[in-house]
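Okay, structure first, notes after.
Rule-based calculations on the coordinates, nothing more; no lab input. Since we're looking at a predicted model, the values are computed, not measured. Positions of Cβ are backbone-derived with ideal geometry, glycine not excepted, and every protein chain shown enters the neighbour counts.
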Amino acid sequence: MSSRLVTLFAALAFGSAALTGCGSDDTSAKEGSTAPSVSASESSAAAPLTFENAWVKAAEKGMTAAFGTLVNTTGAEVTVVSATTPVSPMVELHEVTGTGGQTEMKEKDGGFAIPAGGRLELKSGGYHIMLMGLKEKLEPGGEVAFTLNLKDGTKVDVTAVVKSFKGGNETYAPGH
């Protein structure tokens, strides 16, 4: 057998073993194990979801929000049901609803559903991730780590840059 053929077989065997290791184990899911975290630093092909151009509005205290574009890298719908961050004890997925100048910011029922291969823009005046009760000042140029929790139990770790933002001039008052 030629050395080229041996190398090809070895590569195929290794690739097959690697793919088998990435498959889901239905029995562990039934036994209540948690899904593994997927780090944004890993290959984006490995993450079911990416958070492109993620950023957080700079704030000294109180409340702020995160924006960017959630991108579903899979062939099935992905739903973000919650998020956590070390800089805020209370994080909610929000939407702004209403028309004709009468808008209301509220928690998004059911989370953010991103269709297979689709995108969902998080922006001022629309969908966003709300951070309440900030534990620290968020200054432009800093970074905020998030964990996005998906409906299927997967956790996706992402990082957003802190930016100064004057637009929107939202007031994040209690009882929104």
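Assorted remarks:
- Under Karplus coefficients 6.51, -1.76 and 1.60, residue-wise ³J(HN,Hα) of segment 67-81 in Hz, glycine/proline x: 9, x, 10, 7, 10, 7, 9, 10, x, 9, 4, 10, 10, 8, 9
- With a cut-off of 11 Å between beta carbons, the residues surrounding residue 108 carry a summed charge of -3, where Lys and Arg count +1 and Asp and Glu -1.
- Value of D in µm² per second that Stokes-Einstein yields for segment 36-163, Kirkwood Rh from Cα pairs, at 4 °C (1.567 mPa s): 88
- Whole-Hz Karplus values for segment 97-110 come out as 10, x, 9, x, x, 9, 10, 9, 9, 8, 5, 7, 4, x Hz, taken residue by residue from phi with 6.51 cos²θ - 1.76 cosθ + 1.60 and θ = phi - 60°; glycine and proline positions read x.
- Amide proton proximity set for residue 118, modelled H, under 5 Å, gap of 5+: 72
- Residues of type lysines that residue 123 reaches as a straight line, Cα spacing below 27 Å, ignoring anything fewer than 8 places off in the same chain: 57, 61, 106, 108, 135, 137, 151, 155, 163, 166
- Once the Cα-Cα distance is subtracted from the 0.36 nm per residue extended length, the residue 161 to residue 79 segment shows a gain of 27.2 nm.
- Seen from residue 142, the other residues with C-beta closer than 11 Å to its C-beta sum to a net charge of -1, counting Lys and Arg as +1 and Asp and Glu as -1.
- The mean sequence distance of close C-alpha pairs (under 8 Å, at least 6 residues apart), as a share of the length of segment 45-176, puts its relative contact order at 33 percent.
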